[in-house]
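Take a look at the structure below.
The values are calculated or read from the model by the stated rules, or taken from the named source; none is laboratory data. In this text the structure is predicted, and so the values were computed from the model without any measurement. Backbone-built Cβ (ideal geometry, glycine too); neighbour counts: all protein chains shown.
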Amino acid sequence: MAEQTKKNFYVTTPIYYASGNIHIGHTYCCTCSDVIARYKRLRGYDVRFMTGSDEHGQKIQGKALEAGVTPQEYVDKIAESFKEVWKAMDISYDYYVRTTDKSHVECVKKVFTKLLSQGDIYLGQYKGWYCTFCESFFTDEQVGEQHLCPDCHRPVHAETEDAYFLNVKKYVPALLKFYEEKPSFSQKDKINEMINTFIKPGLEDLCITRTSFDWGIPINEDPKHVVYVWIDALLNYVSALGYTTEDDSLMQKFWSDDSEIIHLIGRDITRFHTIYWPILLMALGLRQPDKVIVHGLLLTRSGVKLSKSLGNAPSPYPLIERYGVASLRYYLVREIQFTTDGNFTPMQFVDRLNADLANNYGNLVNRTLSMINRYFEGVIPTADLYNPKSELTKKLLEDVKAKIVAYEAYMDKFDITGGIGAAMDLVDLGNKYFDAIAPWTQAKNGNMDLLSESLYAASELIRIGSILLCPAIPNKSKEALDQENVPEEMRTYESISTYNSLCSRHINELTALFPRLKKEEEVKFLTELIDGPAK
Ligand code: ME8
């Protein structure tokens with residue numbers, strides 16, 4: 001294993017619009033970020049994991065009006081409901097930021113004042129094409145002849161108003177230089193797309209205030225202007241660390257050169273994170289994030305984005321209730337190739353859970369511990385894995401080492417689909433080893449040495465596999481480790497390359513980790529969940 005020095009690690013999700021409920025698309029990003037945060041903690045990093053809600057803007061004001069409550073009451077309720085979902089999803093965030101937090105509001109005002117006084121913000125008039133859904137202005141080129149929003153493809157309308165602008169044009173050469181000097185900043189195809197679609201045609205200065213609604217942060221210098229959503233939203237990443245407040249110790253720690261900074265976002269908001277966010281940071285004289293990881297979106301079987309407005313995105317709750325949180329998390333991380341779009345389909349959902357969780361991981365735990373009960377009265381037999389007797393065991397341990405190396409390589413480059421896949425392959429090695437050794441035959445033939453060694457090796461494999469799977473399915477991997485009665489010190493990442501400590505431990509009561517799903521029944525349930533009951 002490569003040596004790791006203890007380092008600070010800051011990972012963020014987008015802050016989700018407080019305009020409706022969380023659906024499984026949002027849970028995708030939070031789960032992926034959570035897997036990364038948990039992996040880094042496992043590797044000894046000092047992790048700060050942040051999520052939150054984006055609570056200003058015209059759309060939210062309208063929703064509150066519809067609901068007959070004040071915008072603040074409306075977003076308070078939504079923020080609580082978001083936190084409940086994240087609890088149900090086992091999301092281990094350290095801090096939840098809200099754009100209505102006093103500290104965030106103060107930060108946005110101070111940043112505005114600073115940028116205005118240094119000449120990076122000026123008052124002008126905005127004439128443009130506005131998409132109410134995306135709360136974004138676009139240029140003629142971007143909306144094309146049909147006047148459609150380039151992000152969501154809905155019709156846009158012409159709008160003119162007094163507005164403050166961020167002088168982004170000035171920073172374009174520096175931004176291009178930054179892309180060149182730091183190719184690891186984001187995926188190459190995403191940056192090329194940004195350059196070709198937005199920068200080459202001529203990047204307009206960014207309109208950053210509005211006067212046509214008031215649910216936003218009023219600027220001190222001209223309070224009829226409220227800061228328009230994106231600048232407000234992007235600043236959450238630093239306001240959550242105390243930027244511009246008296247106590248900015250978290251900022252010093254997690255936004256410093258001693259920290260690795262990763263933003264996870266969906267491809268729908270790439271422009272804001274790879275163009276405007278770096279420019280804003282340059283204007284503020286702050287360092288850049290190490291990486292903006294752009295993940296793909298979940299689509300329906302027919303390739304349409306799962307989204308709130310289309311009403312085709314299921315809530316995570318029925319899935320958690322029926323299959324358990326670990327199953328949903330696992331499916332999202334493993335089935336959808338990280339960084340590319342993926343389809344959420346009932347058939348794949350059931351097949352993936354059955355193949356990997358029930359038939360592979362659950363099966364290895366169940367068959368190993370059942371045989372320990374049957375042949376050794378619940379006590380893990382003694383064996384020396386540093387000197388295995390069987391060639392099959394020797395080969396198994398070599399293959400396990402290779403899988404650990406692969407796991408680490410994937411996880412370190414944030415390919416969590418690959419990493420969790422490597423962990424599941426490691427578990428699969430255990431099942432194949434079992435089939436080759438057939439411990440039940442060894443028991444029948446009285447070959448106690450081989451029986452002990454094989455059951456012992458399988459016990460270690462459950463332990464190692466559970467540690468590697470822990471970032472993805474924390475509750476179930478803990479359950480497996482508990483059933484095997486693994487002591488705390490043997491649950492660490494460092495312990496995965498040591499053996500023999502489980503000898504003679506009494507295992508705990510066995511319960512099935514993942515019941516096998518009945519395909520037809522579950523596909524019907526899931527199809528109705530997405531499409532509604534069959535007509
Ligand atoms: O854009 N598949 O908030 P938002 C996968 N407030 N991920 C999905 C998804 C899908 N079908 N649908 C949504 C905003 N997401 C702003 C962000 S950040 C400074 C401000 C995820 O509620 C994905 O990560 O529309 C996407 O980028 C995010 O939710 C958008 O959430």
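What to note about this one:
- In the set (1) surrounded by fewer than 15 Cβ atoms within 10 Å (Cβ to Cβ); (2) assigned to a loop (DSSP other than H, G, I, E, B); (3) not aliphatic (A, V, I, L, M), the condition left unmet by Thr160 is number (2).
- Residue in segment 256-286 that is surrounded by the fewest Cβ atoms within 10 Å (Cβ to Cβ), counting only those that are more than 23 Å from the chain's Cα centre (by Cα) and closer than 18 Å to Gln118 by Cβ: Gly285
- Complete set of residues in segment 399-437 that are in contact with a Lys or Arg (Cβ under 7 Å, 6 or more places away or on another chain) and of a type in the set (D, E, K, R): Asp425
- Considering only residues in segment 274-303 that are under 13 Å from Asp341 (Cβ atoms) and in a strand (DSSP E or B), the one that is farthest from the ligand (Cβ to nearest atom) turns out to be Val294.
- From the list Ser259, Ser309, the one residue that fits, being modelled with pLDDT under 95 and out of contact with any Gly (no Cβ under 8 Å at 6 or more places or on another chain), is Ser309.
- Any hit, segment 451-461, residues being more than 32 Å from the chain's Cα centre (by Cα) and at pLDDT below 95: no
- Residue in segment 165-178 that is buried (at least 16 other Cβ atoms within 10 Å of the Cβ), within 16 Å of the ligand (Cβ to nearest atom) and assigned by TED's automatic domain parsing to the domain that holds Tyr45 present: yes
- Some residue of segment 90-98 being within 15 Å of Ile208 (Cα to Cα) and among the charged types (D, E, K, R): no
- Filtering Leu353, Leu429, Leu357 for residues that are of a type in the set (A, V, I, L, M, F, W, C), over 26 Å from Cys29 (Cβ atoms) and surrounded by 14 or more Cβ atoms within 10 Å (Cβ to Cβ) leaves a single hit, Leu429.
- Test for Tyr331: is it surrounded by 18 or more Cβ atoms within 10 Å (Cβ to Cβ), in contact with a Lys or Arg (Cβ under 6 Å, 6 or more places away or on another chain) and modelled with pLDDT of 95 or more: yes
- Residue count for segment 517-535 satisfying the condition of being in a loop (DSSP other than H, G, I, E, B) and surrounded by 14 or more Cβ atoms within 10 Å (Cβ to Cβ): 1.
- Within the option set Gly119, Gly68, Gly57, Gly144, being of a type in the set (Gly, Ala, Ser) and either touching a strand residue (DSSP E or B) at 6+ places or on another chain (Cβ under 6 Å) or buried (at least 16 other Cβ atoms within 10 Å of the Cβ) (or both) holds for one residue only, Gly57.
- A single member of Ala358, Ala383 is at pLDDT 95 or above, in a loop (DSSP other than H, G, I, E, B), among the hydrophobic types (A, V, I, L, M, F, W, C) and under 30 Å from Met448 (Cα atoms), and it is Ala383.
- Segment 488-510 - residue that is within 17 Å of Cys470 (Cβ to Cβ) and touching a Leu at 6+ places or on another chain (Cβ under 9 Å) and, of those, surrounded by the fewest Cβ atoms within 10 Å (Cβ to Cβ): Thr492
- Of the residues making up segment 304-315, those that are more than 12 Å from the ligand (Cβ to nearest atom) and either surrounded by 17 or more Cβ atoms within 10 Å (Cβ to Cβ) or assigned to a strand (DSSP E or B) (or both) number 0.
- Selection status of Asp258, of a type in the set (Asp, Glu), away from the ligand (no atom under 16 Å from the Cβ) and closer than 22 Å to Val11 by Cβ: yes
- Pairs meeting the criteria (first residue in segment 291-303 and at negative phi and of a type outside the set (Phe, Trp, Tyr), second residue assigned to a strand (DSSP E or B) and more than 11 Å from the ligand (Cβ to nearest atom), beta carbons under 6 Å, at least 6 apart or on different chains) are Lys291/Ile262.
- Thr527 being in contact (Cβ under 8 Å) with a residue 12 or more places away in the chain, under 30 Å from Cys29 (Cα atoms), of a type in the set (Val, Ile, Thr) and out of contact with any His (no Cβ under 7 Å at 6 or more places or on another chain): yes
- The listed residues are Phe185, Phe165, and the only one of them that is in contact with a Phe, Trp or Tyr (Cβ under 9 Å, 6 or more places away or on another chain) and within 23 Å of Ile293 (Cα to Cα) turns out to be Phe185.
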